[in-house]
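Structure first, commentary second.
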Amino acid sequence: MDSTIKDQRENVVKDSIRTINLYMFSDVLNTTGNYSEKDIMLFEKEVKFRQVHKDEVLLTIGEVAKSVFFILKGAIYQYSLKSAIEYHIIDLHLENEWLLNHKSFVSQTPSNCFIGAFTESEILEISIDSIHYLIGQSPAFFQLNKILEHSTSRVYFFDNSLTPLQKYQFIFENKPQLLQKFPLKIIASFLKITPETLSRVREKFAKNKFNS
């Protein structure tokens, strides 16, 4: 094959990959607001793609959170340790979600929990320094504050005296994928109830749905 033609084809492939990447980054950013093509290109230069293995830790206890993450594929959870073999689940995250340790990231103090991959995952990572840089380049990136706002929604979930049934119903109606990605033992810990209570709640919920 003529080297000129080969180079042209390789350039076409590179351009196609770049176009796909720009669409992907646009979709990611659009979860927080509206951005120009220039903004998207700035974001592309600052964000880092990572393939994360199951059980790989993204943040450890005692480490200061310096990044936020966006899940392209897989499932991530935040947890602390009750014992060497038992986790206390703090939060669960699925594809197309941003996540961070809110308290550690905002205050730049050591984390009191882990962030780890529950499954093989693909994520985007952007550092706090890159976020500050992007905001300096374009005010549009102030919209990334919505990531912080979303991360505090769990406070409402657990601090408004919801019953176990109401908590399960909330997940079923708003994030049913959690019930498919994570085992019931983890779901129970997330809801701050025992596995036995969760079994009773699921049975009652099923009966209510059937009777309605």
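Since every read-out is calculated from the coordinates, none of them should be taken as a lab result. The shown structure was predicted, so the numbers you read here are calculated from the model rather than taken from an experiment. Ideal geometry is used to build each Cβ from the backbone, glycine not excepted, and the neighbour counts take in all protein chains shown.
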Sorting check: for 27-38, 139-150, which peptide has the highest mean count of neighbouring beta carbons within 10 Å, and how do the rest follow?
139-150, 27-38
Could you sort the peptides 110-123, 66-79 by per-residue average Cβ neighbour count (10 Å cutoff), highest mean leading?
66-79, 110-123
Tell me which residues come under 5 Å, amide H to amide H, from GLU120 once H is placed; ignore anything under 5 positions away on its chain.
LYS54
For region 56-65, what does the Karplus curve 6.51 cos²θ - 1.76 cosθ + 1.60, with θ = phi - 60°, yield as ³J(HN,Hα) per residue in whole Hz, taken in order and with x for Gly and Pro?
5, 9, 8, 8, 10, 4, x, 8, 7, 5
Multiply the residue gap between LYS54 and SER107 by 0.36 nm, knock off their C-alpha separation, and tell me the result in nm, one decimal place.
16.2 nm
Per-residue ³J(HN,Hα) for region 175-188, Karplus 6.51 cos²θ - 1.76 cosθ + 1.60, θ = phi - 60°, Hz, x for Gly and Pro
9, x, 4, 4, 6, 8, 8, 10, x, 4, 4, 6, 4, 4
Separation in nanometres of the label points that stand 7 Å from Cα toward Cβ, at SER127 and GLN166
4.4 nm
Within-14-Å neighbourhood charge of SER199 [Cβ basis; K, R +1; D, E -1]
+3
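Calculated FRET efficiency, LYS66 and TYR23, Cβ-Cβ r, R0 35 Å, to nearest 0.05?
Between LYS66 and TYR23 the formula returns 0.80.
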Alpha carbon convex hull of region 59-179, volume per residue in cubic angstrom
127 Å³
Can you list the HN-Hα couplings for region 29-42, worked out from phi with the Karplus curve (6.51, -1.76, 1.60; θ = phi - 60°), rounded to whole Hz and with x for Gly and Pro?
5, 5, 6, 10, x, 10, 9, 7, 4, 5, 4, 4, 5, 5
